[in-house]
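One structure is given here, and the rest of the page talks about it.
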């Protein structure tokens, strides 16, 4: 078990997702009905359908699993650079959930998962489709992380953090957004710097009120790419 460092550089909250990468042609991507260069939320039935269709694709091979999720990737990258991070997230009591928790531990990331027993269900899974031009198109099944809530927060660790980092994708989940905002208030009260991401143009289009709540009028750091910045500013 990884215990939180006395001084946490980054406290992050976000979706716990296990990534699998699938290399496809543009024609295959279109045949699968996937919008290119976008993140699309899918349900369990669509995930099962995509896995079945991929198994029927010539030359398709199962891909190695890696721990993912926007904020999860950020806090793992920080740990690889020698920083100390804490990640609040949610998985189910299944193979993907076990893998995700082990992956965080192997990278030296402290997490609320070390202090709670996962419940039943399916853990989150992000299918990443890569075309020859290196563009990524993602189909994300949230699973257990769709019900991430404030019980995942560790206020004492937020208080000793330098930056509190909210994943913008949480704007799509009522309970996840509420958790992010409760953590935001706790961080603000302790003078911790605030950060968030715009995450994807689809989040700006469909979940703008949640992103606006995360940003507020006192955000310290906002991360986005050029396309997201243009969509945000109109």
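The values are calculated or read from the model by the stated rules, or taken from the named source; none is laboratory data. Here the structure is a predicted model, which means the values were calculated and not measured. Neighbour counts run over all protein chains shown; Cβ positions are idealised from the backbone, glycine included.
Say whether the condition of being at pLDDT 95 or above, loosely packed, with under 14 Cβ neighbours inside 10 Å and closer than 21 Å to residue 157 by Cα is met by at least one residue in the stretch 34-50.
no
Yes or no: residue 177 under 15 Å from the mean Cα position of the chain (by Cα) and either surrounded by fewer than 17 Cβ atoms within 10 Å (Cβ to Cβ) or not in a strand (DSSP E or B) (or both)?
yes
Using the structure shown, decide if residue 82 is without any contact (Cβ under 8 Å) to a residue 12 or more places away in the chain and not in a helix (DSSP H, G or I). Show your work before the answer.
Working: without any contact (Cβ under 8 Å) to a residue 12 or more places away in the chain: yes; not in a helix (DSSP H, G or I): yes.
So residue 82 fits the description; yes.
Can you tell me how many residues in the stretch 101-129 are touching a helix residue (DSSP H, G or I) at 6+ places or on another chain (Cβ under 6 Å) and in a loop (DSSP other than H, G, I, E, B)?
7
What do you reckon, is residue 157 surrounded by fewer than 22 Cβ atoms within 10 Å (Cβ to Cβ), more than 30 Å from residue 53 (Cα to Cα) and in contact (Cβ under 8 Å) with a residue 60 or more places away in the chain?
Yes, satisfied.
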